[in-house]
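Just below is one structure, and these are the notes that go with it.
The values are calculated or read from the model by the stated rules, or taken from the named source; none is laboratory data. Computed from a predicted structure; not experimentally measured. Reconstructed Cβ throughout: ideal geometry from the backbone, glycine too, with neighbour counts over all protein chains shown. Protein only, heavy atoms only, side chains kept; ligands, DNA and RNA dropped before computing areas. Shrake-Rupley method; radii C 1.70, N 1.55, O 1.52, S 1.80 Å.
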Amino acid sequence: MDTATKDPLARNYEKKMEKISPFELKNKLIELASEQTHRIKCAAETMLNAGRGNPNWICTLPREAFFTLGKFGMQECKRVMDLPDDIAGIPEKEGCGERFRQFLEENPGEPGIQLLRDAFDYLINNRNADPDGLAHEWAEGVIGDQYPVPDRILKYTEEFVQDYLHQEMDSTHQPTDVKFDLFATEGGTAAMCYIFDSLQQNYLLNKGDKIALFVPIFTPYIEIPELDRYDFEVINIHADTLDKDGYHTWQYRDEDVDKLKDKSIKAAFVVNPSNPPSYAINPETIRRIGDIVRNDNPDLIIITDDVYATFLPEFRSLLVELPQNTLCVYSFSKYFGATGWRLAVIALDQDNIYDRMIAELPEDKKADLNKRYGTLTLEPEKMKFIDRMVADSRQVALNHTAGLSLPQQVQMSLFAAYALLDKEGKYKKHMYRIIQERLHALWDNTGFTLVEDPLRTGYYSEIDMLVWARKFYGDEFVEYLKANYEPVDVVFRLAQQTSLVLLNGGGFDGPEWSIRASLANLNENDYKAIGHGIACILHEYADFWKKSKEGKN
């Protein structure tokens with residue numbers, strides 16, 4: 001048998017595996033790491049998987065509030081109808097607000113009761129919410145007895161999340177009259193699918209169009225444009241800047257950003273803060289992008305995925321800089337430890353270029369779209385783009401059952417309310433501290449230098465092995481590595497020899513010899529072991545290099 005088909009460290013095999021998505025490659029690395037753990041049969045040696053971004057924490061209070069709210073929802077159902085054999089009615093709106101107040105008073109010791117009280121008061125006092133309407137939305141929502149109405153997002157869920165996004169997407173907190181329309185989706189992954197689909201369905205992006213990707217970037221943003229359905233021409237804008245000492249700053253060069261002046265570039269896709277480097281775009285570049293759009297490319301579609309924004313003390317989104325051009329995806333999964341809940345929103349300014357560009361389409365394309373959406377409204381040409389996304393998410397014909405489930409939306413509301421009511425930012429500060437402690441545990445044990453940077457979240461860390469090869473052993477050693485090994489050899493060697501699972505940074509269009517570690521899913525001591533393992537692999541390469549030089553002599 002060809003060794004290239006069986007030896008994970010064979011170059012031919014590694015070349016083949018470089019074509020695989022890093023999230024699929026991860027499965028092979030887990031297999032190798034598990035085999036290594038089994039081989040040595042040592043209880044102290046366990047596989048450490050830092051390849052996936054699922055956090056190992058949860059936010060407790062909003063969940064406790066959700067479960068306590070379930071008690072109120074059940075009371076409301078049984079009040080209407082309470083029959084034998086586990087049959088009850090459904091909540092009634094009239095008087096629901098007063099009954100909820102009574103529930104709060106009668107259950108002062110229930111977990112999360114104060115959050116429910118404060119969240120209820122927040123919307124009534126700040127948004128003039130109807131007490132009956134809000135309490136009824138919660139009662140029906142937590143029970144899950146109805147289809148979502150409105151299908152895009154529930155009325156009061158939208159109020160909570162709207163305020164939450166204004167708080168988190170602009171740390172300057174300057175007054176604004178911008179109001180977002182929100183579409184609640186089944187996690188950020190569903191949001192991505194809906195955006196790509198509806199942009200094409202509505203002729204805003206067409207097969208073969210030119211788009212820009214700010215790289216490194218979450219791999220699906222690289223892979224989806226390559227699908228035959230889209231076949232986009234991709235222009236990469238690289239975060240490849242280095243400081244005077246040769247360390248990555250993971251920012252974008254002005255001349256690269258200026259590519260966006262080209263009007264043939266129809267859309268730009270950004271993850272901010274980035275995945276995997278985990279750095280926010282610096283304010284100067286945000287302003288530069290804003291100037292380019294306003295002065296050179298006013299119809300540029302911008303998709304910004306800001307899931308990691310809440311891990312920075314200070315953050316300003318492109319959604320704030322360019323609200324009319326920007327579709328923002330935000331997921332609650334990482335910050336609140338809720339990947340299993342599948343909670344995200346797409347945010348779009350009510351005054352946006354998408355609706356305008358659809359209105360300006362040629363008559364034949366407008367006729368096609370009117371036919372597509374004509375079963376939903378007598379005036380399909382007036383249908384907002386965000387509502388078209390909702391319809392497209394259910395193949396239009398199933399629009400009447402579209403929308404994120406009610407219990408999911410209630411939990412989303414409580415997460416948002418919790419963050420809005422945490423005036424001192426205790427949760428955010430603690431999250432930031434946990435991540436930073438893990439980040440330093442990793443880097444301190446590599447022996448590499450971690451340059452302090454206020455724009456770094458640290459949710460992931462991307463380590464360019466060639467930078468450190470050059471720092472420790474010089475240019476000749478770097479050339480030796482390039483000549484004798486494939487870039488993915490690092491992650492294969494880590495898995496096979498040390499039972500450590502990390503992802504290859506090249507799979508995210510980062511530096512080929514970089515590796516990506518998640519700082520979210522393991523404990524601090526685990527990252528010490530990972531840091532030590534990374535250093536050992538680098539120095540092992542150096543030992544091979546030195547022996548090869550001795551052999552030549």
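Among all residue pairs at least 6 apart or on different chains, which show Cβ distances below 7 Å where the first residue, located in the stretch 205-228, is among the charged types (D, E, K, R) and the second is surrounded by fewer than 21 Cβ atoms within 10 Å (Cβ to Cβ) and assigned to a helix (DSSP H, G or I)?
Every condition considered, no pair remains.
So which helices (runs of 4 or more DSSP H) stay within the stretch 268-384 end to end and still have 3 or more residues that are among the β-branched types (V, I, T)? Full working, then the answer.
Numbers: elements: 283-295, 318-321, 353-359, 363-373.
Qualifying helices (runs of 4 or more DSSP H): 283-295.
For A344, are the conditions met, namely being open to solvent by less than 10 Å² (accessible area, probe 1.4 Å) and closer than 21 Å to A191 by Cβ? Quick ask: steps written out before the conclusion?
Numbers: open to solvent by less than 10 Å² (accessible area, probe 1.4 Å): yes; closer than 21 Å to A191 by Cβ: yes.
Yes, satisfied.
If a residue has to be of a type outside the set (K, R) and exposed (fewer than 11 other Cβ atoms within 10 Å of the Cβ) to count, how many in the stretch 368-383 make the cut?
Number satisfying all stated conditions: 2.
Please find, among E64, E76, E92, the residue that is in contact with a helix residue (DSSP H, G or I) (Cβ under 7 Å, 6 or more places away or on another chain), surrounded by 14 or more Cβ atoms within 10 Å (Cβ to Cβ), among the acidic types (D, E) and part of a helix (DSSP H, G or I). Steps first, answer last, please.
On the way: E64 fails: in contact with a helix residue (DSSP H, G or I) (Cβ under 7 Å, 6 or more places away or on another chain); E92 fails: part of a helix (DSSP H, G or I).
Sole residue among the options that is in contact with a helix residue (DSSP H, G or I) (Cβ under 7 Å, 6 or more places away or on another chain), surrounded by 14 or more Cβ atoms within 10 Å (Cβ to Cβ), among the acidic types (D, E) and part of a helix (DSSP H, G or I): E76.
Search the stretch 80-98 for residues that are charged (D, E, K, R) and pair each with any residue that is surrounded by 14 or more Cβ atoms within 10 Å (Cβ to Cβ) when their beta-carbon atoms are under 6 Å apart and the residues are at least 6 apart or on different chains.
Qualifying pairs under 6 Å: D82/A88; K93/D132; K93/H136.
Identify the single condition in (1) touching a Leu at 6+ places or on another chain (Cβ under 8 Å); (2) part of a helix (DSSP H, G or I) that K259 does not satisfy, given that it satisfies every other one.
Failed condition: (1).
Exactly one condition in (1) touching a helix residue (DSSP H, G or I) at 6+ places or on another chain (Cβ under 6 Å); (2) farther than 18 Å from P276 by Cβ; (3) not aliphatic (A, V, I, L, M) is false for Y252; which is it?
Against the list (1) touching a helix residue (DSSP H, G or I) at 6+ places or on another chain (Cβ under 6 Å); (2) farther than 18 Å from P276 by Cβ; (3) not aliphatic (A, V, I, L, M), Y252 comes up short only on (2).
Filter the stretch 386-433 for residues that are open to solvent by 40 Å² or more (accessible area, probe 1.4 Å) and of a type in the set (A, V, I, L, M, F, W, C) and give the result.
A397, L398, L421
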